[in-house]
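Below: one structure, written as structure tokens.
Any read-out appearing in this document is the output of simple, stated calculations on the displayed coordinates, not a laboratory observation. Everything numeric in this text was worked out from a predicted model, so none of it was measured. We place every Cβ from the backbone using ideal geometry, glycine too, and count neighbours over all the protein chains shown.
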Amino acid sequence: MADYIDKCECCIHSLEGGLAEATILKRIGDNKYVAQYGDVKCTAIFNPFSSHYYVDDLYGIIKEPKERGYAR
């Protein structure tokens, strides 16, 4: 089984709605998803009327917590 839901052409916010390939990683709400566009993880929604995911790589960036290394 794949580690993602879908790899498809999505409408990308930074491209002003232009289409580019992104990966939908997981569903986190009724119509809210985690997507990866390039090396950026961000939020996305699905529009059933246009059959496209809309990836918000400008304002919906998900920052991963940094791992803390403790020296003993």
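Condition first: touching a Leu at 6+ places or on another chain (Cβ under 7 Å) and aromatic (Phe, Trp, Tyr). Can you find one or more residues in segment 22-34 that meet it?
Checking segment 22-34: not a single residue is touching a Leu at 6+ places or on another chain (Cβ under 7 Å) and aromatic (Phe, Trp, Tyr).
Can you name the strands (runs of 3 or more DSSP E) wholly within the chain that have at least 3 residues being in contact with a Lys or Arg (Cβ under 8 Å, 6 or more places away or on another chain)?
18-27, 33-37, 40-47
Does Asp6 qualify as being in contact (Cβ under 8 Å) with a residue 40 or more places away in the chain and either polar (S, T, N, Q) or touching a helix residue (DSSP H, G or I) at 6+ places or on another chain (Cβ under 6 Å) (or both)?
For Asp6, the condition - in contact (Cβ under 8 Å) with a residue 40 or more places away in the chain and either polar (S, T, N, Q) or touching a helix residue (DSSP H, G or I) at 6+ places or on another chain (Cβ under 6 Å) (or both) - is not met.
Identify, please: which residue in segment 53-62 is surrounded by 18 or more Cβ atoms within 10 Å (Cβ to Cβ) and not small (Gly, Ala, Ser) and is, among those, farthest from Lys7 (Cα to Cα)?
Step by step, filter segment 53-62, then rank; the result is Asp57.
Quick check on my filter: what residues within segment 10-35 are without any contact (Cβ under 8 Å) to a residue 24 or more places away in the chain and either closer than 9 Å to Val55 by Cβ or basic (Lys, Arg) (or both)?
Once the filter is applied, which keeps residues that are without any contact (Cβ under 8 Å) to a residue 24 or more places away in the chain and either closer than 9 Å to Val55 by Cβ or basic (Lys, Arg) (or both), segment 10-35 yields Ala20, Lys26, Arg27, Lys32.
Within segment 1-51, can you find the residues that are hydroxyl-bearing (Ser, Thr, Tyr) and surrounded by 12 or more Cβ atoms within 10 Å (Cβ to Cβ)?
Scanning segment 1-51 gives Tyr4, Ser14, Thr23, Tyr33, Tyr37, Thr43.
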